[in-house]
Amino acid sequence: MSGMNLSIQYTFLPHTDPEASLAFYRDALGFELRQDVGYGDMRWLTVGPPGQPGTAIVLNPPSADPGLTDDERRTIAELMAKGSYASIVLAADDVDRAFAAVEATGAEVAQEPADQPYGVRDCAFRDPAGNMVRIQQQL
């Protein structure tokens, strides 16, 4: 549609341990903590890249949706454990440098940097909940 000016404000990724997720996104990736909201025994963390206040990731408890059945909650937990439930792709100007910095924090490496046939060099990590976090650089 012409005349629309849309941008991505939030994306949601599930977490299983808010402290471990905060350590990964803040300490390994360098994101800033913007909000830390608790409700009962659940916690939502909003993180984002410094200098980009309009873009953020909300790390949320996967079982927070009251409409989920016990079977659906189990399925989500199984998919998260396999690392196939959620993912995000980040951009970097130097993927090799980003890889070295994140790897040095002890993050779980899923793929070392490699050139891809579709014009990017990328690498991948799993966050503490098993979410795939890819970092790409345009070639």
Close pairs from segment 107-134: first over 18 Å from Y25 (Cβ atoms), partner outside any strand (DSSP E or B) and of a type in the set (F, W, Y), Cβ under 8 Å, at least 6 apart: E112/F99; P113/F99
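When you look at R97, is it within 13 Å of the chain's Cα centre (by Cα), within 15 Å of L29 (Cα to Cα) and charged (D, E, K, R), yes or no? Don't jump to the end; show me each part of the working.
On the way: within 13 Å of the chain's Cα centre (by Cα): no; within 15 Å of L29 (Cα to Cα): yes; charged (D, E, K, R): yes.
No: the conditions fail for R97.
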Inter-residue pairs, beta-carbon under 9 Å, first among the β-branched types (V, I, T) and in segment 90-102, second at pLDDT 95 or above and assigned to a helix (DSSP H, G or I), 6+ apart: V102/F24; V102/A28
Residue count, segment 28-84 (criterion: assigned to a loop (DSSP other than H, G, I, E, B), within 16 Å of the chain's Cα centre (by Cα), under 19 Å from G130 (Cα atoms) and of a type outside the set (A, V, I, L, M)): 6
Unmet criterion (only one of (1) surrounded by fewer than 12 Cβ atoms within 10 Å (Cβ to Cβ); (2) at pLDDT 95 or above; (3) within 16 Å of F12 (Cβ to Cβ)) for P50: (3)
Qualifying position, being crowded, with 17+ Cβ neighbours inside 10 Å, under 20 Å from A23 (Cβ atoms) and either of a type in the set (D, E, K, R) or modelled with pLDDT of 95 or more (or both), among A86, A110, A98: A98
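The values are calculated or read from the model by the stated rules, or taken from the named source; none is laboratory data. Computed from a predicted structure; not experimentally measured. As a convention, Cβ positions derive from the backbone with ideal geometry for all residues, glycine included, and neighbour counts pool all protein chains shown.
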